[in-house]
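Chemist: Before I ask anything, here is the structure I am working with.
The values are calculated or read from the model by the stated rules, or taken from the named source; none is laboratory data. Treat the numbers as computed from the prediction; the structure is a model and nothing was measured. Methodologically, a virtual Cβ is constructed for each residue, glycine included, from the backbone with ideal geometry; neighbour enumeration extends over all protein chains shown. Surface accessibility is based on the protein's heavy atoms, side chains included, excluding ligands, DNA and RNA. Shrake-Rupley method; radii C 1.70, N 1.55, O 1.52, S 1.80 Å.
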Amino acid sequence: MTHESKLARGLGLGGSATVLAALLVAGPALASNDNSSASNDSGSQNSHLAVTESDFGKTPQGQEVKRYQLTNRNGMSVDIITFGARIQSIKVPDKDGNVADVALGFDNVEGYIHKNQYMGATIGRYANRIANGQFTLDGHTYNLPKNNGPNTLHGGPEGFQQQVWQAKEIHPHGTVGVEMTYLSPDGQMGFPGDLVTTVRYTLDNDNDLRIHYSAVSDKDTVINLTNHTYFNLEGAGSGSILNEVAMINADKYSPIDKTEIPLGSARAVKGTPFDFTTPHTFGERIHAKTTQLMRAEPKQGGYDHNWVLDTNGNLDALAARVTDPKSGRELEVYTTEPGVQVYTSNFIHGKYEGKGGKTYHHWSAFTMETQHYPDSPNHPSYPTTELKAGKKFTSTTIFKFLPE
Ligand code: GAL
(Lines give C-alpha, C1' and ligand atoms only; values in the text may rest on other atoms or scores of the structure.)
Protein backbone atom coordinates (compact mmCIF):
# COMPACT_ATOMS: atom_id res chain seq x y z
CA MET A 1 0.00 0.00 0.00
CA THR A 2 1.39 3.46 -0.87
CA HIS A 3 2.05 6.00 1.85
CA GLU A 4 -0.79 8.18 0.57
CA SER A 5 -3.38 5.43 0.51
CA LYS A 6 -2.34 4.38 4.03
CA LEU A 7 -2.73 7.98 5.11
CA ALA A 8 -6.12 8.31 3.44
CA ARG A 9 -7.27 5.05 4.97
CA GLY A 10 -6.10 6.23 8.40
CA LEU A 11 -8.05 9.43 7.91
CA GLY A 12 -11.12 7.30 7.48
CA LEU A 13 -12.19 8.49 4.05
CA GLY A 14 -11.89 7.16 0.53
CA GLY A 15 -12.40 9.40 -2.49
CA SER A 16 -11.24 12.91 -1.93
CA ALA A 17 -9.07 12.07 1.08
CA THR A 18 -7.01 9.69 -1.08
CA VAL A 19 -6.49 12.39 -3.68
CA LEU A 20 -5.64 14.99 -1.05
CA ALA A 21 -3.21 12.70 0.75
CA ALA A 22 -1.49 11.92 -2.56
CA LEU A 23 -1.10 15.62 -3.29
CA LEU A 24 0.23 16.21 0.17
CA VAL A 25 3.01 13.64 0.05
CA ALA A 26 3.99 14.60 -3.50
CA GLY A 27 6.13 17.52 -4.50
CA PRO A 28 9.59 18.92 -3.83
CA ALA A 29 8.68 20.85 -0.68
CA LEU A 30 8.35 17.62 1.24
CA ALA A 31 10.57 15.37 -0.82
CA SER A 32 13.68 17.28 0.20
CA ASN A 33 13.22 16.46 3.87
CA ASP A 34 11.03 13.42 3.61
CA ASN A 35 11.20 10.28 5.65
CA SER A 36 14.41 8.35 5.73
CA SER A 37 15.10 5.67 8.25
CA ALA A 38 17.23 6.60 11.26
CA SER A 39 19.41 3.57 10.68
CA ASN A 40 20.35 4.90 7.24
CA ASP A 41 21.79 8.05 8.71
CA SER A 42 25.42 7.97 9.61
CA GLY A 43 27.94 10.02 11.50
CA SER A 44 27.70 12.17 14.61
CA GLN A 45 24.93 14.38 13.21
CA ASN A 46 22.39 11.90 14.44
CA SER A 47 23.98 10.76 17.65
CA HIS A 48 21.76 10.95 20.71
CA LEU A 49 18.71 11.92 18.67
CA ALA A 50 15.77 9.82 19.78
CA VAL A 51 11.99 9.73 19.78
CA THR A 52 9.85 7.81 22.25
CA GLU A 53 6.09 7.34 22.25
CA SER A 54 3.92 7.00 25.35
CA ASP A 55 0.27 7.22 26.40
CA PHE A 56 -1.01 10.63 27.49
CA GLY A 57 -4.57 9.65 28.38
CA LYS A 58 -7.93 9.77 26.65
CA THR A 59 -10.46 12.36 25.59
CA PRO A 60 -13.93 12.22 27.22
CA GLN A 61 -15.06 10.50 23.97
CA GLY A 62 -12.51 7.74 24.59
CA GLN A 63 -9.98 8.70 21.90
CA GLU A 64 -6.43 7.80 22.87
CA VAL A 65 -3.93 10.63 23.11
CA LYS A 66 -0.25 9.87 22.54
CA ARG A 67 2.84 11.80 23.57
CA TYR A 68 6.04 11.82 21.50
CA GLN A 69 9.23 12.92 23.17
CA LEU A 70 12.10 14.14 20.98
CA THR A 71 15.55 14.33 22.61
CA ASN A 72 18.97 15.51 21.45
CA ARG A 73 22.55 15.26 22.69
CA ASN A 74 22.47 18.64 24.49
CA GLY A 75 19.94 17.51 27.06
CA MET A 76 17.09 19.24 25.25
CA SER A 77 13.73 17.49 24.95
CA VAL A 78 10.42 18.39 23.34
CA ASP A 79 7.14 16.64 24.10
CA ILE A 80 4.32 16.78 21.57
CA ILE A 81 0.85 15.34 22.12
CA THR A 82 -1.67 14.25 19.54
CA PHE A 83 -4.48 16.27 21.18
CA GLY A 84 -4.31 19.48 19.17
CA ALA A 85 -0.84 18.53 17.83
CA ARG A 86 0.37 20.52 20.84
CA ILE A 87 3.83 21.15 22.23
CA GLN A 88 3.37 19.98 25.80
CA SER A 89 6.89 20.61 27.11
CA ILE A 90 10.25 22.03 25.99
CA LYS A 91 13.10 21.29 28.35
CA VAL A 92 16.29 23.29 27.76
CA PRO A 93 19.51 23.64 29.77
CA ASP A 94 20.57 27.10 30.96
CA LYS A 95 24.10 28.54 30.87
CA ASP A 96 25.10 26.29 33.81
CA GLY A 97 23.48 23.18 32.40
CA ASN A 98 20.37 23.29 34.61
CA VAL A 99 17.36 22.07 32.70
CA ALA A 100 13.95 23.81 32.92
CA ASP A 101 10.69 23.41 31.07
CA VAL A 102 10.20 26.68 29.17
CA ALA A 103 6.71 25.93 27.75
CA LEU A 104 3.51 26.40 29.73
CA GLY A 105 0.97 23.58 29.66
CA PHE A 106 -0.84 20.88 31.57
CA ASP A 107 -0.09 17.41 32.89
CA ASN A 108 -3.15 15.76 31.36
CA VAL A 109 -5.79 15.90 28.62
CA GLU A 110 -8.39 17.36 31.04
CA GLY A 111 -6.18 20.43 31.52
CA TYR A 112 -5.99 20.99 27.77
CA ILE A 113 -9.77 20.63 27.45
CA HIS A 114 -10.93 22.64 30.47
CA LYS A 115 -8.19 25.25 30.93
CA ASN A 116 -6.98 25.28 27.32
CA GLN A 117 -5.89 28.90 26.47
CA TYR A 118 -4.59 27.23 23.26
CA MET A 119 -1.48 26.16 25.22
CA GLY A 120 1.13 24.79 22.82
CA ALA A 121 -1.52 24.10 20.19
CA THR A 122 -1.45 23.94 16.43
CA ILE A 123 -3.94 26.64 15.45
CA GLY A 124 -6.10 26.20 12.38
CA ARG A 125 -7.82 26.54 10.12
CA TYR A 126 -7.30 30.23 10.70
CA ALA A 127 -4.91 31.59 13.31
CA ASN A 128 -6.13 34.71 15.12
CA ARG A 129 -9.31 36.61 14.31
CA ILE A 130 -11.73 36.83 11.41
CA ALA A 131 -13.94 39.90 11.80
CA ASN A 132 -17.64 39.20 12.44
CA GLY A 133 -17.00 35.52 11.72
CA GLN A 134 -17.42 36.17 8.02
CA PHE A 135 -15.47 36.28 4.79
CA THR A 136 -16.20 36.11 1.08
CA LEU A 137 -14.34 33.82 -1.29
CA ASP A 138 -15.09 33.24 -5.00
CA GLY A 139 -18.26 35.30 -4.55
CA HIS A 140 -19.63 33.13 -1.74
CA THR A 141 -19.96 34.43 1.83
CA TYR A 142 -18.96 31.99 4.55
CA ASN A 143 -20.23 32.27 8.13
CA LEU A 144 -18.11 30.92 10.95
CA PRO A 145 -19.01 30.33 14.61
CA LYS A 146 -18.14 33.41 16.71
CA ASN A 147 -16.15 32.49 19.79
CA ASN A 148 -14.53 35.81 20.67
CA GLY A 149 -17.10 38.61 21.00
CA PRO A 150 -18.25 39.42 17.47
CA ASN A 151 -15.29 37.57 15.90
CA THR A 152 -14.01 34.07 15.18
CA LEU A 153 -10.77 33.30 16.99
CA HIS A 154 -8.24 30.59 16.15
CA GLY A 155 -10.43 28.60 13.77
CA GLY A 156 -13.53 28.52 16.01
CA PRO A 157 -14.43 26.63 19.19
CA GLU A 158 -13.66 23.21 17.73
CA GLY A 159 -10.57 24.21 15.81
CA PHE A 160 -7.44 22.12 15.28
CA GLN A 161 -6.45 22.56 18.94
CA GLN A 162 -9.36 20.38 20.05
CA GLN A 163 -8.81 17.54 17.57
CA VAL A 164 -6.89 14.29 17.99
CA TRP A 165 -4.26 14.03 15.24
CA GLN A 166 -2.75 10.87 13.76
CA ALA A 167 0.94 10.58 14.38
CA LYS A 168 4.04 8.68 13.35
CA GLU A 169 7.67 9.16 14.21
CA ILE A 170 9.99 10.35 11.47
CA HIS A 171 13.78 10.46 11.09
CA PRO A 172 14.68 13.00 8.39
CA HIS A 173 18.45 13.28 8.02
CA GLY A 174 20.17 14.79 11.05
CA THR A 175 16.92 15.21 12.96
CA VAL A 176 14.31 13.24 14.79
CA GLY A 177 10.63 14.02 14.77
CA VAL A 178 6.96 13.32 14.69
CA GLU A 179 4.52 13.94 11.87
CA MET A 180 0.91 14.69 12.76
CA THR A 181 -1.97 14.62 10.28
CA TYR A 182 -5.57 15.73 10.53
CA LEU A 183 -8.44 15.73 8.04
CA SER A 184 -10.81 18.61 8.60
CA PRO A 185 -14.04 17.82 6.75
CA ASP A 186 -15.73 20.24 4.35
CA GLY A 187 -17.74 22.78 6.34
CA GLN A 188 -16.05 22.15 9.69
CA MET A 189 -16.23 25.39 11.69
CA GLY A 190 -17.75 26.92 8.54
CA PHE A 191 -14.65 26.65 6.31
CA PRO A 192 -14.95 25.24 2.78
CA GLY A 193 -13.24 22.07 1.51
CA ASP A 194 -11.96 18.77 2.87
CA LEU A 195 -8.57 19.89 4.16
CA VAL A 196 -5.72 17.51 5.00
CA THR A 197 -3.07 19.15 7.17
CA THR A 198 0.29 17.76 8.21
CA VAL A 199 2.53 19.24 10.89
CA ARG A 200 6.08 17.93 11.18
CA TYR A 201 8.01 18.68 14.34
CA THR A 202 11.73 17.89 14.15
CA LEU A 203 14.60 18.45 16.56
CA ASP A 204 18.32 18.42 15.75
CA ASN A 205 21.56 18.65 17.70
CA ASP A 206 21.77 22.43 17.09
CA ASN A 207 18.67 22.83 19.32
CA ASP A 208 16.52 23.75 16.32
CA LEU A 209 12.89 22.81 16.81
CA ARG A 210 11.50 23.02 13.30
CA ILE A 211 7.78 23.07 12.57
CA HIS A 212 6.83 22.38 8.97
CA TYR A 213 3.18 22.69 7.94
CA SER A 214 1.61 21.47 4.73
CA ALA A 215 -2.01 21.27 3.67
CA VAL A 216 -4.20 20.52 0.67
CA SER A 217 -7.90 21.22 0.16
CA ASP A 218 -10.31 19.91 -2.48
CA LYS A 219 -12.07 23.30 -2.69
CA ASP A 220 -10.79 26.86 -2.67
CA THR A 221 -10.44 27.87 0.97
CA VAL A 222 -8.51 30.11 3.37
CA ILE A 223 -5.77 28.94 5.71
CA ASN A 224 -3.46 30.43 8.35
CA LEU A 225 -1.60 28.02 10.62
CA THR A 226 0.53 28.72 13.68
CA ASN A 227 1.80 27.26 16.92
CA HIS A 228 0.57 28.75 20.19
CA THR A 229 3.31 27.85 22.67
CA TYR A 230 3.57 30.12 25.71
CA PHE A 231 7.27 30.59 26.54
CA ASN A 232 8.91 31.63 29.76
CA LEU A 233 12.67 31.23 29.32
CA GLU A 234 13.35 31.19 33.04
CA GLY A 235 10.94 28.27 33.31
CA ALA A 236 7.16 27.88 33.07
CA GLY A 237 5.59 29.02 36.34
CA SER A 238 8.69 30.88 37.54
CA GLY A 239 7.06 34.32 37.50
CA SER A 240 6.72 37.11 34.97
CA ILE A 241 8.54 37.57 31.67
CA LEU A 242 8.88 41.32 32.19
CA ASN A 243 12.68 41.08 32.52
CA GLU A 244 13.11 38.98 29.38
CA VAL A 245 14.61 40.97 26.52
CA ALA A 246 12.96 40.89 23.10
CA MET A 247 14.04 41.91 19.63
CA ILE A 248 11.53 41.78 16.77
CA ASN A 249 12.72 42.33 13.21
CA ALA A 250 9.81 44.58 12.22
CA ASP A 251 9.52 48.31 11.50
CA LYS A 252 5.73 48.08 11.51
CA TYR A 253 2.92 46.44 13.46
CA SER A 254 -0.83 46.08 12.97
CA PRO A 255 -2.79 48.37 15.30
CA ILE A 256 -6.12 46.91 16.46
CA ASP A 257 -9.67 48.07 17.11
CA LYS A 258 -11.58 47.40 20.34
CA THR A 259 -12.31 43.81 19.29
CA GLU A 260 -8.67 43.22 18.31
CA ILE A 261 -9.20 43.30 14.55
CA PRO A 262 -6.38 45.06 12.62
CA LEU A 263 -7.37 48.60 11.68
CA GLY A 264 -6.10 48.33 8.13
CA SER A 265 -2.72 49.80 7.36
CA ALA A 266 0.31 48.85 9.39
CA ARG A 267 1.79 51.55 11.62
CA ALA A 268 5.44 52.43 12.23
CA VAL A 269 6.77 51.10 15.54
CA LYS A 270 9.24 53.97 15.89
CA GLY A 271 8.66 56.00 19.03
CA THR A 272 6.05 53.56 20.41
CA PRO A 273 6.12 50.70 22.95
CA PHE A 274 6.02 48.40 19.91
CA ASP A 275 9.53 49.25 18.80
CA PHE A 276 11.62 46.13 19.43
CA THR A 277 13.93 46.72 16.46
CA THR A 278 16.56 47.11 19.17
CA PRO A 279 16.34 44.91 22.28
CA HIS A 280 13.97 45.98 25.09
CA THR A 281 12.56 44.05 28.02
CA PHE A 282 8.89 43.19 27.73
CA GLY A 283 8.38 45.10 30.99
CA GLU A 284 9.98 48.39 30.01
CA ARG A 285 6.90 49.89 28.34
CA ILE A 286 4.11 47.38 29.04
CA HIS A 287 2.66 49.60 31.82
CA ALA A 288 2.38 52.62 29.49
CA LYS A 289 -1.43 52.30 29.21
CA THR A 290 -1.47 53.57 25.62
CA THR A 291 -4.66 52.96 23.59
CA GLN A 292 -3.07 50.06 21.72
CA LEU A 293 -1.70 48.34 24.84
CA MET A 294 -5.07 48.72 26.59
CA ARG A 295 -6.99 47.37 23.58
CA ALA A 296 -5.07 44.14 24.02
CA GLU A 297 -6.55 43.79 27.51
CA PRO A 298 -8.67 46.49 29.15
CA LYS A 299 -7.56 46.01 32.79
CA GLN A 300 -3.78 45.85 32.88
CA GLY A 301 -2.94 46.03 29.15
CA GLY A 302 -0.24 44.09 27.34
CA TYR A 303 1.04 43.09 23.96
CA ASP A 304 -1.29 41.14 21.68
CA HIS A 305 -0.44 42.35 18.19
CA ASN A 306 0.80 41.28 14.81
CA TRP A 307 4.26 42.54 13.86
CA VAL A 308 4.87 42.90 10.12
CA LEU A 309 8.18 41.10 9.72
CA ASP A 310 10.98 42.58 7.62
CA THR A 311 12.30 39.12 6.75
CA ASN A 312 10.53 38.67 3.37
CA GLY A 313 9.71 35.05 4.13
CA ASN A 314 13.42 34.22 4.33
CA LEU A 315 13.94 31.31 6.73
CA ASP A 316 17.59 32.32 7.22
CA ALA A 317 16.74 35.80 8.47
CA LEU A 318 16.22 36.31 12.18
CA ALA A 319 12.58 37.23 12.84
CA ALA A 320 12.76 37.60 16.61
CA ARG A 321 14.96 36.85 19.58
CA VAL A 322 14.15 36.70 23.28
CA THR A 323 16.85 36.45 25.94
CA ASP A 324 16.50 35.72 29.64
CA PRO A 325 19.46 37.44 31.34
CA LYS A 326 18.97 35.38 34.52
CA SER A 327 19.25 31.87 33.03
CA GLY A 328 21.13 32.82 29.89
CA ARG A 329 18.56 30.97 27.79
CA GLU A 330 17.75 32.45 24.43
CA LEU A 331 15.08 31.75 21.83
CA GLU A 332 15.53 32.69 18.19
CA VAL A 333 12.62 32.60 15.77
CA TYR A 334 12.93 32.05 12.01
CA THR A 335 9.95 31.76 9.71
CA THR A 336 8.66 31.80 6.16
CA GLU A 337 5.56 33.67 7.43
CA PRO A 338 5.10 37.43 6.93
CA GLY A 339 4.00 38.20 10.51
CA VAL A 340 4.26 37.23 14.15
CA GLN A 341 1.62 37.67 16.86
CA VAL A 342 3.35 38.42 20.13
CA TYR A 343 0.98 37.91 23.04
CA THR A 344 2.03 38.44 26.67
CA SER A 345 -0.58 36.05 28.18
CA ASN A 346 -2.80 38.99 29.16
CA PHE A 347 -5.92 36.86 29.49
CA ILE A 348 -4.51 34.43 32.06
CA HIS A 349 -6.40 35.88 34.99
CA GLY A 350 -6.16 34.94 38.65
CA LYS A 351 -4.64 31.73 39.91
CA TYR A 352 -4.18 29.37 37.03
CA GLU A 353 -2.65 26.02 37.77
CA GLY A 354 -0.41 24.40 35.18
CA LYS A 355 2.10 21.55 35.01
CA GLY A 356 3.45 20.29 38.31
CA GLY A 357 1.02 22.50 40.28
CA LYS A 358 2.84 25.67 39.20
CA THR A 359 0.86 28.89 38.95
CA TYR A 360 0.57 30.94 35.77
CA HIS A 361 -0.72 34.51 35.61
CA HIS A 362 -0.91 37.41 33.19
CA TRP A 363 2.45 38.48 31.76
CA SER A 364 4.04 35.19 32.84
CA ALA A 365 4.66 34.03 29.27
CA PHE A 366 4.95 35.28 25.71
CA THR A 367 3.96 33.67 22.43
CA MET A 368 5.66 33.94 19.04
CA GLU A 369 2.76 33.00 16.75
CA THR A 370 4.30 33.16 13.29
CA GLN A 371 1.43 33.72 10.88
CA HIS A 372 -0.25 35.63 8.08
CA TYR A 373 -1.92 38.76 9.41
CA PRO A 374 -5.16 38.47 11.37
CA ASP A 375 -8.37 38.88 9.36
CA SER A 376 -6.53 38.73 6.03
CA PRO A 377 -9.58 37.33 4.14
CA ASN A 378 -11.26 40.70 4.80
CA HIS A 379 -8.20 42.80 3.88
CA PRO A 380 -7.38 42.41 0.16
CA SER A 381 -4.16 44.44 0.60
CA TYR A 382 -2.65 41.89 3.02
CA PRO A 383 -0.61 38.90 1.78
CA THR A 384 -3.24 36.40 0.70
CA THR A 385 -4.39 33.48 2.84
CA GLU A 386 -6.36 31.87 0.00
CA LEU A 387 -5.50 28.28 -0.84
CA LYS A 388 -6.67 27.09 -4.24
CA ALA A 389 -8.17 23.63 -4.60
CA GLY A 390 -5.48 21.00 -5.17
CA LYS A 391 -2.56 23.37 -4.48
CA LYS A 392 -0.18 22.65 -1.65
CA PHE A 393 0.16 25.08 1.25
CA THR A 394 3.52 25.05 3.07
CA SER A 395 4.98 27.05 5.92
CA THR A 396 8.02 26.60 8.16
CA THR A 397 9.03 28.06 11.50
CA ILE A 398 12.15 27.32 13.54
CA PHE A 399 12.43 27.88 17.27
CA LYS A 400 16.14 27.76 18.05
CA PHE A 401 17.26 27.50 21.66
CA LEU A 402 20.58 28.71 23.00
CA PRO A 403 22.96 27.93 24.58
CA GLU A 404 23.39 24.78 22.51
C1 GAL B 1 -3.73 35.05 20.90
C2 GAL B 1 -4.73 36.12 20.67
C3 GAL B 1 -5.13 36.61 22.02
C4 GAL B 1 -5.73 35.49 22.83
C5 GAL B 1 -4.79 34.30 22.84
C6 GAL B 1 -5.40 33.08 23.46
O7 GAL B 1 -3.24 34.60 19.69
O8 GAL B 1 -4.21 37.14 19.89
O9 GAL B 1 -6.02 37.69 21.90
O10 GAL B 1 -6.96 35.13 22.31
O11 GAL B 1 -4.38 33.99 21.57
O12 GAL B 1 -5.98 33.31 24.69
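Chemist: Has region 189-196 got any residue that is in contact with a Gly (Cβ under 7 Å, 6 or more places away or on another chain), touching a residue at least 60 places away in the same chain (Cβ under 8 Å), under 16 Å from Phe160 (Cα atoms) and open to solvent by 10 Å² or more (accessible area, probe 1.4 Å)?
Modeler: Within region 189-196, one or more residues are in contact with a Gly (Cβ under 7 Å, 6 or more places away or on another chain), touching a residue at least 60 places away in the same chain (Cβ under 8 Å), under 16 Å from Phe160 (Cα atoms) and open to solvent by 10 Å² or more (accessible area, probe 1.4 Å).
Chemist: Take the residues in region 352-392 that are among the hydrophobic types (A, V, I, L, M, F, W, C) and part of a loop (DSSP other than H, G, I, E, B); name whichever of them is nearest to Val340 (Cα to Cα).
Modeler: Met368
Chemist: Same structure again: Within region 329-366, how many residues turn out to be β-branched (Val, Ile, Thr) and open to solvent by 10 Å² or more (accessible area, probe 1.4 Å)?
Modeler: 2
Chemist: Could you check, for region 230-242, whether at least one of its residues is of a type in the set (Ser, Thr, Tyr), under 17 Å from the mean Cα position of the chain (by Cα) and closer than 29 Å to Asn143 by Cβ?
Modeler: No: zero hits.
Chemist: Could you check Asp107 against (1) open to solvent by 20 Å² or more (accessible area, probe 1.4 Å); (2) within 16 Å of the ligand (Cβ to nearest atom) and say which number it fails?
Modeler: Exception for Asp107: condition (2).
Chemist: A further question on this structure: Give Gly328, Gly339 a once-over and let me know the one that is in contact with a Ser or Thr (Cβ under 9 Å, 6 or more places away or on another chain) and either within 30 Å of Gly139 (Cα to Cα) or more than 16 Å from the ligand (Cβ to nearest atom) (or both).
Modeler: Gly339
Chemist: Hey, among the residues in region 380-392 that are open to solvent by 30 Å² or more (accessible area, probe 1.4 Å) and either in contact with a helix residue (DSSP H, G or I) (Cβ under 8 Å, 6 or more places away or on another chain) or not basic (Lys, Arg) (or both), which one's nearest to Gly283 (Cα to Cα)?
Modeler: So, considering only residues that are open to solvent by 30 Å² or more (accessible area, probe 1.4 Å) and either in contact with a helix residue (DSSP H, G or I) (Cβ under 8 Å, 6 or more places away or on another chain) or not basic (Lys, Arg) (or both), the one nearest to Gly283 (Cα to Cα) is Pro383.
Chemist: Count, please, the residues in region 330-352 that happen to be in contact (Cβ under 8 Å) with a residue 12 or more places away in the chain and more than 20 Å from the chain's Cα centre (by Cα).
Modeler: The number of residues fulfilling the criteria is 2.
Chemist: For region 127-163: of the residues being assigned to a strand (DSSP E or B) and within 15 Å of the ligand (Cβ to nearest atom), which is most open to solvent (accessible area, probe 1.4 Å)?
Modeler: Restricting to residues being assigned to a strand (DSSP E or B) and within 15 Å of the ligand (Cβ to nearest atom), the top hit is Asn148.
Chemist: Within the group His287, His305, which residue is closer than 29 Å to Thr152 by Cα and open to solvent by 40 Å² or more (accessible area, probe 1.4 Å)?
Modeler: Numbers: His305 fails: open to solvent by 40 Å² or more (accessible area, probe 1.4 Å).
Unique residue meeting the criteria: His287.
Matching residues to (1) under 17 Å from Gly356 (Cα atoms); (2) in contact (Cβ under 8 Å) with a residue 60 or more places away in the chain:
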site	(1), (2)
Thr52	no, no
Asp55	no, no
Leu70	no, yes
Met76	no, yes
Asp79	yes, no
Thr82	no, yes
Ser89	yes, yes
Lys95	no, yes
Leu104	yes, yes
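Chemist: Quick one: would you say Trp363 is closer than 21 Å to Ala266 by Cβ and within 16 Å of the ligand (Cβ to nearest atom)?
Modeler: Against the criterion (closer than 21 Å to Ala266 by Cβ and within 16 Å of the ligand (Cβ to nearest atom)), Trp363 does not qualify.
Chemist: Filtering region 204-261 down to residues that are under 20 Å from Asp275 (Cα atoms), out of contact with any Leu (no Cβ under 7 Å at 6 or more places or on another chain) and acidic (Asp, Glu), which residue is nearest to the ligand (Cβ to nearest atom)?
Modeler: Glu260
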